[in-house]
Each structure stands twice: as structure tokens, then as C-alpha cells.
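The values are calculated or read from the model by the stated rules, or taken from the named source; none is laboratory data. As the structure is a prediction and not an experimental result, all values here were calculated from the model. Here the Cβ positions follow ideal geometry from the backbone for every residue, glycine too, while neighbour counts run over all protein chains shown. Heavy atoms of the whole protein, side chains included, go into the accessibility calculation; ligands, DNA and RNA do not. Shrake-Rupley method; radii C 1.70, N 1.55, O 1.52, S 1.80 Å.
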Amino acid sequence: MTPTTDERIASIIRALTEVVLPHLPPEASLAQEQVHLSIGHLQILKAQFDAIPAFEQEELDDAKAIGSALAAAVTGGEETSTAINGLNAAVAAVDDADVRTHAGAINRAVDDLVRAVSRDGASDAKVKLTEIILKYEKVRVMKDRHWFLPFGFDTIGESEYRAIS
């Protein structure tokens with residue numbers, strides 16, 4: 001019988017906890033810290049595993065929204081125009097085949113646009129760019145904080161999250 005994903009992750013956590021960690025010498029504090037960090041990440045992945053595809057799709061949807069808003073609002077010289085075309089192409093290329101790749105491509109295209117605007121954006125481009133990025137990223141940050149809320153990394157309350165999202 002093939003072990004489930006939960007069983008496989010639990011097995012790795014058990015090996016790190018019961019075999020690796022106890023055999024690290026006391027002076028290997030960095031190694032101990034890294035094993036604890038790895039265990040924590042595996043526990044989070046185990047807890048969130050089923051929800052990851054929906055979370056990543058939401059990240060892609062948010063990337064598309066900010067990319068589209070930036071491409072429609074910002075103007076400038078040749079570098080900015082080229083970056084806008086690249087951003088529009090990244091947004092247009094999105095399909096559901098590879099959510100992570102598309103989100104990464106859009107995020108890189110946004111980064112390219114930010115750099116281009118700093119070189120030859122129109123006089124109001126930096127202001128528009130900043131306003132749009134802050135507007136969309138405020139919501140994205142709250143979603144990310146909410147994603148990790150069950151693990152005690154943040155103090156955001158459910159009502160705060162709902163107020164922004």
C-alpha cells in the first residue's frame with residue numbers, strides 16, 4: 001500500500017524528531033535550529049496541504065488583478081512601454097495548467113515595470129504605481145497573514161481579516 005501524503009510527511013517529521021535531532025551534539029546549535037525549523041515547516045505543510053491549490057490560485061488571481069491594474073494605469077517611455085507589454089503578455093498567458101509558473105511570471109513582470117517606471121515612467125507613473133501596489137498588496141498581505149494565523153506567527157484577528165478582504 002502506498003503511504004498517503006500525510007503519512008509521508010509525518011514519517012519525515014518523526015525521523016527528524018526521533019532520530020536526527022537527538023543525535024546532534026549540543027554544540028551544533030545551528031543544526032538543531034534548522035532541524036526545528038524544518039519540522040515546523042513540515043507540520044505547516046501537513047496542515048495546509050489540501051488547501052494549497054486554492055491558496056495558490058488565489059495568489060495567481062491577485063497577481064493578475066494587480067498586473068492588469070498596473071498595465072492599464074501606468075505610461076511612460078520606451079522601457080516602460082516594453083515592460084507594460086511584457087506584463088500584459090504574462091497576464092494573457094495565464095491558464096490553469098501551471099499556477100505557480102504564471103504567478104511567478106506576472107510578479108517578475110510587475111518587478112520589471114517598477115524598474116522601468118523608475119527610469120522613464122511618465123510624470124505621474126510613480127504615484128499611480130505606488131497607489132495601485134499598496135492597494136492590492138494590503139489585501140494580499142492580510143490573506144497571507146490569515147493563511148499562517150493558525151500557527152501563532154501573527155496576532156491578526158478574524159474580524160481584522162474580514163474587514164480588509
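Spin-label pair residue 1-residue 88: with each label point 7 Å from Cα along the Cα-Cβ axis, the two points sit 5.6 nm from one another.
Close amide H pairs (under 5 Å, H built 1.01 Å from N) link residue 121 with 77, residues at least 5 positions away or on another chain. Estimated from helices alone, the mean residue ellipticity of the chain at 222 nm is -24500 deg cm²/dmol (sum of -39500 (n - 2.57) over DSSP H runs with n ≥ 4, per residue). One chain, two ends: residue 108 and residue 148. Fully extended at 0.36 nm per residue, the span grows by 12.0 nm beyond their Cα-Cα distance. Probing with 1.4 Å while keeping every protein chain in the model, the per residue accessible area of the chain equals 62 Å². Note on residue 78 and residue 33: the extension gain reaches 11.3 nm, defined as 0.36 nm multiplied by sequence separation minus the Cα-Cα distance.
The base-10 log of I(q)/I(0) for the chain, evaluated at q = 0.13, 0.20 Å⁻¹, reads -0.81, -1.17 [Debye formula, identical scatterers on Cα atoms, solvent excluded].
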